[in-house]
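Undergrad: Sharing a structure below in structure tokens format, with a few things to ask.
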Amino acid sequence: MEKLPSKPHDRFVKELLGHHDAAVEFLRHTLPHKVIALLDVEKLHYTNTSYSTEDLLEYMSDIVLRVPFQNTKAEAEVTILIEYKSYKDRITPFQMLSYVAAGYRQQIKNGKKHNIIIPVVYYHGKQKWKIASLWHYFPNAPAEILKDVPQFSLEMLSIREMSPKQIYAVTSGILRAALMVQKGAHKRIFSLEEYARVFNTISAEKEGNFFISMMVYIFESGALEESEFSNIVKKLDNEMKTKTLTIKEVWIAEGIEKGIEKGSLQSRYEFAKRLLLRKMPFDEICELTDLTMEEMKRLAAE
């Protein structure tokens with residue numbers, strides 16, 4: 001089976017959690033306090049590992065973060081599973097069992113030390129959903145037999161269940177903005193002024209790539225109605241307003257339907273080339289794409 005194309009939600013979450021501060025706070029809001037107390041989440045680092053097998057790629061993709069335990073050399077691998085489906089699915093616990101088993105098999109195959117795998121599901125659907133344990137599926141089985149059914153911890157962040165108070169409590173500006181956009185796509189609970197206020201806290205210098213991804217996600221997924229988006233833009237600071245309108249203009253005119261994938265330098269190059277063709281100043285393109293001036297000059301020469 002060929003890997004399915006990246007979905008807007010999948011790309012957006014990967015871009016979001018590619019920022020260290022957002023990933024750290026995501027874990028603190030998602031994992032149980034007793035687990036967080038054991039982990040040194042500030043020292044998390046990213047890996048190129050994926051434990052998704054071919055049959056699972058139809059349903060989800062993953063991000064594998066390696067996080068050391070406090071006061072020890074041991075590490076855990078927190079795997080964030082991004083569901084392609086936006087609805088609850090009864091077979092998810094069995095998919096997770098397969099995923100975790102595949103992860104340990106891959107560790108053995110690669111001859112690496114065994115790290116505990118902690119799976120987390122990032123759920124953005126509209127339906128209320130609490131993932132049950134495997135024991136839940138065998139209600140009539142004798143207790144003595146249930147011990148033979150594998151058990152593992154499975155955490156989930158459900159945007160549907162997050163309250164505005166919980167989202168406002170998020171200190172990472174880009175994580176708070178992302179949660180607001182995704183929550184608002186299901187139910188309008190934030191005012192346009194609140195969207196604008198949070199968007200304005202995103203640093204164009206440090207988080208410009210994420211801002212591009214967020215705007216592309218909004219255009220592509222329809223997370224905000226056209227009229228809502230236009231009214232929010234009016235309330236943005238001049239710098240953010242100009243940047244937003246530029247991104248939208250290019251996205252519409254050039255048909256950038258696939259967005260800009262996190263970690264893909266080629267994607268940023270292609271976006272920069274489109275902006276060059278529209279005769280945008282080099283310094284503005286550098287802000288939008290996070291490319292250096294030297295890279296811009298080389299692209300222009302090409």
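Undergrad: Set the Förster distance to 41 Å, then compute FRET efficiency between residue 171 and residue 284 from the Cβ-Cβ distance, nearest 0.05.
TA: 0.90
Undergrad: Between residue 48 and residue 152, what length in nm is gained on full extension when 0.36 nm per residue of separation is reduced by their alpha carbon distance?
TA: Additional length available on full extension: 35.1 nm.
Undergrad: GluC sites (Glu not before Pro) within the stretch 166-234: which are DSSP loop residues with at most 13 other Cβ atoms inside 10 Å?
TA: For GluC sites (Glu not before Pro) across the stretch 166-234 that sit outside H, G, I, E and B with at most 13 neighbouring Cβ atoms in 10 Å, the list reads 225.
Undergrad: Can you pull the percent of the chain's accessible area that's carbon plus sulfur, 1.4 Å probe, other chains left in place?
TA: 52
Undergrad: Normalising by the residue count of the stretch 38-150, find the relative contact order in percent from Cα pairs under 8 Å and 6+ residues apart.
TA: Relative CO of the stretch 38-150 lands at 24 percent.
Undergrad: Now, a different point. What distance in nm separates the simple spin-label points at residue 21 and residue 74, each placed 7 Å from Cα in the Cβ direction?
TA: 3.3
Undergrad: What's the extension gain from residue 227 to residue 136 if we count 0.36 nm per residue and subtract their Cα-Cα distance?
TA: Length gained between residue 227 and residue 136: 28.2 nm.
Undergrad: Please compute the net charge surrounding residue 107, taking Lys and Arg as +1 and Asp and Glu as -1 over other residues with Cβ under 11 Å from its Cβ.
TA: +3
Undergrad: Show me 174-180, 119-125, 234-240 ranked by packing, highest mean number of other Cβ atoms within 10 Å first.
TA: Result, highest mean first: 174-180, 119-125, 234-240.
Undergrad: So what is the accessible area of the chain per residue, in Å², with the probe set to 1.4 Å?
TA: 52
Undergrad: Over the stretch 40-131, what is the percentage of antiparallel beta bridges among all DSSP beta bridges, to the nearest 5?
TA: Looking only at bridges with both residues in the stretch 40-131, the antiparallel portion is about 60 percent.
Undergrad: With equal scatterers on the alpha carbons only and no solvent term, can you work out the Debye log10 of I(q)/I(0) for the chain at 0.07, 0.10, 0.13 1/Å?
TA: Debye intensities relative to I(0), on a log10 scale: -0.31, -0.61, -1.00.
Undergrad: When the chain is treated as a GNM, springs tying every alpha-carbon pair under 10 Å, which of 137, 51, 104 comes out with the largest mean-square fluctuation?
TA: Result: 137 has the largest fluctuation of those listed.
Undergrad: For residue 143 and residue 237, what is the calculated FRET efficiency with R₀ set at 51 Å and r taken between the beta-carbons, to the nearest 0.05?
TA: The computed FRET efficiency comes out at 0.25.
Undergrad: Sticking with this one: Given Cα pairs under 8 Å that are at least 6 residues apart, what percent is the relative contact order of the chain?
TA: 15
Undergrad: Continuing with the same structure: Work out how much length residue 127 to residue 292 would gain on full extension: take 0.36 nm times their residue separation and subtract the Cα-Cα distance, in nm to one decimal.
TA: Using 0.36 nm per residue and subtracting the Cα-Cα distance, I get 55.0 nm.
Undergrad: Let me know the shape class of the stretch 16-132, please: from the alpha-carbon gyration tensor, a ≥ b ≥ c as square roots of the eigenvalues, rounded when a/c is under 1.5, otherwise prolate if a/b is greater than b/c, or oblate.
TA: Verdict is oblate for the stretch 16-132.
The values are calculated or read from the model by the stated rules, or taken from the named source; none is laboratory data. The shown structure was predicted, so the numbers you read here are calculated from the model rather than taken from an experiment. Every residue, glycine among them, receives a Cβ derived from its backbone with ideal geometry; neighbour counts consider all protein chains shown. Heavy atoms of the whole protein, side chains included, go into the accessibility calculation; ligands, DNA and RNA do not. Shrake-Rupley method; radii C 1.70, N 1.55, O 1.52, S 1.80 Å.
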